[in-house]
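Taking it in order: structure first as structure tokens, then the write-up.
Rule-based calculations on the coordinates, nothing more; no lab input. Just so you know, these numbers come straight off a predicted model, no measurement behind them. Glycine also receives a Cβ, built like all others from the backbone with ideal geometry; neighbour counts cover every protein chain displayed.
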Amino acid sequence: MAPENSSLDRRNFLRAAGTLAVGIPLGVTLASCASGGTGGGATGTKTKNNPFGVADSTTVDAVIFNGGYGVDYVSFAGSIFAKQHSGSKVKVSPSTQIASELQPRFVGGNPPDLIDNSGAQAIGFNSIRKQLEDLTEVINADNLEGTKIADTLYAGVTEPGTYDGKFVALNYVLTVYGVWYSASLFEKNGWTPPTTWDEALELGAQAKSAGKYLFVWGKEAATYYQTLAVDSAIKEGGQELRLALDNLKSGCWSQEPLQKVFTAMKKAIDSGYVKPGGAGTQFTAAQAQWSLDQQALLYPSGSWIENEMKKQTADGFQMTGIPELSLSDNGKYPKTAIRSAAGEPFCVPSSAKSSAGGKELLRIMLSKEAATNFAKTKLAPTIVKDTVPADGFGSTALVSQAKMLSDAGKDTFTFNFVDTYGMNQDQLVLWNTFLSGGSSVAQLTDGLQQITDKIANDDSIKKVTYK
């Protein structure tokens, strides 16, 4: 999740099962309320340097998820936009409530020109995909340096944002999911970063002896542990396990690798290795218990975590990431395998006042100048290649991301079902209860399966078949 992430206040207020934030059923497309289009607003002459025909004196309305990456990187691109187009400007509006703020604008036919549709309050793409511009022409355009954008991107980055063959969401940040720790704290205590759940539980005992916890969590980010569980299970069970989840199969949460990970987590909870009180703690406050107070040894998160906590991290912390935990030495994926996926999905509504301006702002964001600025200031890579130096701009976390990507090679994967169907808010309830010690593995499994089955059995919700 961006700062999940995300990311990334990626996890805001809870919602009722099966509905979006303002109560619109997941299966009801907003297109039924407002007509789409082929791109709105006045346009200028299309040229090589103005491929979408942005008119002079255009104001681009950009609503950007204000999570772990903030919004200033879009403002940076906006300043370039203003120089490129006479009399134009970019209005950047931060938001943590994307769905509740923007669904009425879609219904009213006046959505923003560019949206970073991220966070726990993101709008399910199934409900708006028909109202979004195809972004293929953006990546087929030249960047500011004169190179075709598609040739500068990592492979496969369009796949997460393609629905029914239409590329509607450009995921800007290359997110690496891992387990994060303080290299200096581990060196000081002679601890070894774990590679398996058995090793993690052994480390939990050592942490407890030292008056520390193994894990900590906050209420809005409880599903970070679901991400960790699913990724660990995929490393053991492979693509068959992932596809069962992505395709909403009956009994998918009862698959043996998932049950083994849930059981290991339950053991950690029952053994006192998980700091209590997370269900009543705001997520960044909980993360500060790890990064600033060093009360816990490990924290599962996406690569947004360093930037999100840079003002609340102990001096000399040396934040470092390792691959998410494996169950065994002989899983379908090696221990070095990682979940890595493009995140922070940007989209351009067709009925926006200036969809051309939204596309142009995206084009500028994909320039080497803007992408390098993001990597340097946010300490995370974008989907644009060759923008991070070997020293990671002095960031141990960024260096460790590069190492994880290098060590994994082709052994990378991701999953999609949570974002595709907007499940996170309902799942948060279950995970806060479980991490608090208030439910069993069986109860967690049953609750997760009920959420999945409700969507699977609702014929009004268009399903995506993953292969």
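Before moving on, here are some points about what is shown:
- log₁₀ of I(q)/I(0) at q = 0.19, 0.23, 0.24, 0.27 Å⁻¹ - the range 173-213, Debye sum with one point per alpha carbon: -0.61, -0.82, -0.87, -1.03
- Over the range 155-225, the alpha carbon radius of gyration divided by the compact-protein estimate 2.2 N^0.38 Å works out to 1.65.
- Nonlocal amide H pairs with Ser350, under 5 Å, H built at 1.01 Å: Gly37, Leu132, Glu133
- Under 5 Å from the amide H of Tyr213 lie the amide H atoms of Ala296, Leu297, each residue being 5 or more positions distant or on a separate chain, with H modelled from the backbone and absent for Pro and chain starts.
- Sequence-ordered 3J(HN,Hα) estimates for the range 349-362 from the Karplus curve with 6.51, -1.76 and 1.60 and θ = phi - 60° stand at x, 5, 8, 5, 4, 9, 5, 4, x, x, 5, 5, 5, 5 Hz, glycine and proline given as x.
- Computed FRET value (nearest 0.05) for Lys311 with Asn457, which takes r as the C-beta separation and R₀ as 45 Å: 0.50
- Of Lys219/Lys454; Lys260/Lys376; Lys188/Lys403, pairs whose Cα-Cα distance is over 31 Å: Lys260/Lys376
- Counting charges near Asp407 (Lys, Arg +1; Asp, Glu -1) among other residues having Cβ under 14 Å from its Cβ returns a value of +3.
- The charge dipole of the chain, taken about the Cα centre with unit charges on the Cβ atoms of Lys, Arg (+1) and Asp, Glu (-1), comes to about 400 debye, rounded to the nearest 20.
- Shown for the chain is the translational diffusion coefficient from the Stokes-Einstein equation, using the Kirkwood radius over Cα pairs, a temperature of 20 °C and a viscosity of 1.002 mPa s: 96 µm²/s.
- Placing unit charges on each Cβ (+1 for Lys and Arg, -1 for Asp and Glu) gives the chain a dipole about its Cα centre, and among Gly108, Ser184, Ser75 the Cα reaching farthest toward its positive end belongs to Gly108.
- Across the range 177-192, computed HN-Hα scalar couplings (Karplus, 6.51 cos²θ - 1.76 cosθ + 1.60, θ = phi - 60°) run 8, x, 10, 10, 8, 8, 4, 5, 5, 5, 5, 4, 9, x, 8, 10 Hz from first to last residue, x flagging Gly and Pro.
- Gyration tensor (alpha-carbon) shape descriptor, the range 374-467, a/c threshold 1.5: prolate
- Between the range 330-381 and the range 391-407, the Cα center-to-center distance that results, in Å: 18
- Under 12 Å, Cβ to Cβ, from Pro111 - net charge with Lys/Arg +1 and Asp/Glu -1: -2
- Cut-off under 5 Å, modelled amide H: who pairs with Val60 long-range: Lys89, Val90, Lys91
- Globularity index of the range 104-242, i.e. its alpha-carbon radius of gyration over 2.2 N^0.38 Å: 1.47
- With all pairs of different C-alpha atoms in the average, the Kirkwood value for the hydrodynamic radius of the range 135-176 is 11.0 Å.
- The ranking of Asp453, Asp270 from fewest to most other beta carbons within 10 Å of each one's beta carbon is Asp270, Asp453.
- Note on the range 94-149: Rg/Rh from C-alpha atoms, Kirkwood Rh, equals 1.07.
- Theoretical FRET efficiency, 1/(1+(r/R0)^6), r = Cβ-Cβ of Gln259 and Tyr466, R0 30 Å, to 0.05: 0.85
- MRE, 222 nm, helices only [DSSP H, n ≥ 4, -39500 (n - 2.57), over the chain, to nearest 500]: -11000 deg cm²/dmol
- Across the range 113-130, rounded Karplus estimates of 3J(HN,Hα) from the backbone phi angles (6.51 cos²θ - 1.76 cosθ + 1.60, θ = phi - 60°) give 7, 9, 10, 9, 7, 10, x, 5, 9, 5, 7, x, 5, 4, 8, 10, 4, 6 Hz, Gly and Pro being marked x.
- A cut-off under 11 angstrom between Cβ atoms defines the neighbours of Asn126, and their net charge, with Lys, Arg +1 and Asp, Glu -1, is +2.
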